[in-house]
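Reading through the C-alpha cells given below for one structure.
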Amino acid sequence: GAAGGGGGSGGGDGGGVGGDNTRAVLLHILADACGSVGAIVSSLAVRYRGWHWADPACSLCTSCLLIASAMPLVRRNAAVLMLATPDALVPQIASGALAGEVRREVERRLGTAPGGGG
C-alpha cells in the first residue's frame with residue numbers, strides 16, 4: 001500500500017507481519033472512529049428528528065463496514081496460521097521450478113554446496 005514506506009520485517013508490500021500489524025492497528029482506529037461518528041449521528045437523529053431506529057441502524061452499518069474491512073486481514077492471517085502455501089508459489093511448486101532452488105538453499109545453509117566448503 002501507499003502507507004507502507006520503509007523497511008521492517010514486513011517489507012513494503014503489506015503482506016508481511018509488519019504490514020498485517022499496521023493494518024490491524026488502522027482497522028482498530030477505524031472501528032473507534034466509526035463508532036464515535038455513528039453515536040454522534042444517531043444521537044442527533046434521535047434528538048432532532050425523533051428517529052429512534054437511527055441508533056441500531058448506525059450500529060449495524062458500522063458493524064457491517066468493519067467486518068467487511070477486516071475479513072481480508074482475517075483470511076490472510078488464518079491462511080498463515082494454517083500453513084497454507086502462498087498463491088504466488090503454487091504455479092512454481094506445481095511445475096517443479098522451486099525444487100532446485102530449495103535444494104541449493106538447503107545445501108548453502110548446511111555448508112554442503114558444491115565448491116561451498118565448510
> Going by the conditions given, is residue 70 modelled with pLDDT of 80 or more, part of a helix (DSSP H, G or I), within 29 Å of the chain's Cα centre (by Cα) and of a type in the set (A, V, I, L, M)?
Replying inline: yes
> Looking at segment 75-87, which of its residues are assigned to a helix (DSSP H, G or I) and either polar (S, T, N, Q) or open to solvent by 80 Å² or more (accessible area, probe 1.4 Å) (or both)?
Replying inline: 75, 77, 80, 81, 87
>> Can you say whether residue 102 is within 20 Å of the chain's Cα centre (by Cα) and open to solvent by 80 Å² or more (accessible area, probe 1.4 Å), as far as the supplied structure shows?
In response: no
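The values are calculated or read from the model by the stated rules, or taken from the named source; none is laboratory data. Bear in mind that the values here come from a model prediction, so they are computed numbers and not experimental data. Side chains are part of the model used for accessible areas, which takes the heavy atoms of the whole protein and leaves out ligands, DNA and RNA. Shrake-Rupley method; radii C 1.70, N 1.55, O 1.52, S 1.80 Å.
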